[in-house]
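Read through the structure below, which is laid out as structure tokens, and then see the notes.
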Amino acid sequence: MTGKTRKRLVLWDIDRTLIESRGVGRMVYERVFPEVVGKPLREMPLVHGRTELDIMYEALRSHDVEPTEHLFRRLSAALAEGFRAVADELAERGRVLPGVRNALAGLAAEPTMHQGVLTGNTAEVARIKLEAFGLDRHLDLSTSAFGDDHRERPELVTIARERAARRFRTPIPVEHVVLIGDTPADVHAALSTGARVIAVATGVYSVDELLAAGASSVLETLTPSRFRRALESVFSE
Ligand SMILES: [Mg+2]
């Protein structure tokens, strides 16, 4: 049987790849940060493509607070609680990006494809966001990696592969992994580890910017037929 070894791991970024939360994330941050840190959030670091640990680190530093494990843990817990409290509002104000539901459902029907996420969100916030939009059923969070697993996004590729290898009891070659994301950071995480990447220009970065970051496959939106072709093409590289 070679079926197992041919398993492809498809790892989706969440924000601006699967969904848009349209300001809800920032609202939660503005509520939670002063509660935990004791200072108002004067400025928010750039968040696109970054892990939550990295965002927290910079947010704390820029407010003259020493980043500690303890603060990271408290901020993570408060963020999860904050997102849980606004899950209904998130579902109402935010949206699933065009093509996403079809793309996820289409791949879910294929036994050689296994879908998870590779996201800068913490595991708990990722779960809350995906559940709010009903996207969790096609995504295996036990073969995924999150922004509270490691500060550096490329490290998340290894973490997700290790989790998938444990789950399937067989190693997952890195060239059998594809990341789908909307930022140069997603592209870099893939290229620096040997994973494949499909970039989608549904965030703040244009097709040209994503090509310039090194992605060989960039889609303007997640049109299911184009996505399928892109997937075939990255795995035949
Ligand atoms: Mg994103």
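Criterion applied to R50, R74 was being open to solvent by 20 Å² or more (accessible area, probe 1.4 Å), more than 20 Å from the chain's Cα centre (by Cα) and not assigned by TED's automatic domain parsing to the domain that holds A185, and the one residue passing it is R74. Pairs meeting the criteria (first residue in region 49-62 and basic (K, R), second residue within 16 Å of the ligand (Cβ to nearest atom), beta carbons under 6 Å, at least 6 apart or on different chains) are R50/G120.
Could you identify the single residue in R153, R228 that is away from the ligand (no atom under 14 Å from the Cβ) and within 26 Å of R101 (Cα to Cα)?
Only one candidate qualifies: R228.
Among the residues of region 46-82, those identified as in a helix (DSSP H, G or I) and touching a Lys or Arg at 6+ places or on another chain (Cβ under 7 Å) are L53, D54, Y57, G82.
Filter region 183-207 for residues that are touching a Lys or Arg at 6+ places or on another chain (Cβ under 6 Å) and part of a helix (DSSP H, G or I); which is farthest from F235 (Cα to Cα)? By that ranking, first place goes to A185. Taken over region 208-234, the residue count meeting the criterion of being assigned to a helix (DSSP H, G or I) and either free of Cβ contacts under 8 Å to residues at least 40 places away in the same chain or open to solvent by 40 Å² or more (accessible area, probe 1.4 Å) (or both) is 13.
The values are calculated or read from the model by the stated rules, or taken from the named source; none is laboratory data. Given the structure is predicted, the values throughout are model-derived calculations rather than measurements. Neighbour counts are summed over all protein chains in view; Cβ atoms, including those assigned to glycine, are modelled from backbone coordinates with ideal geometry. These area figures cover heavy atoms from the full protein model, side chains too; ligands, DNA and RNA do not enter into them. Shrake-Rupley method; radii C 1.70, N 1.55, O 1.52, S 1.80 Å.
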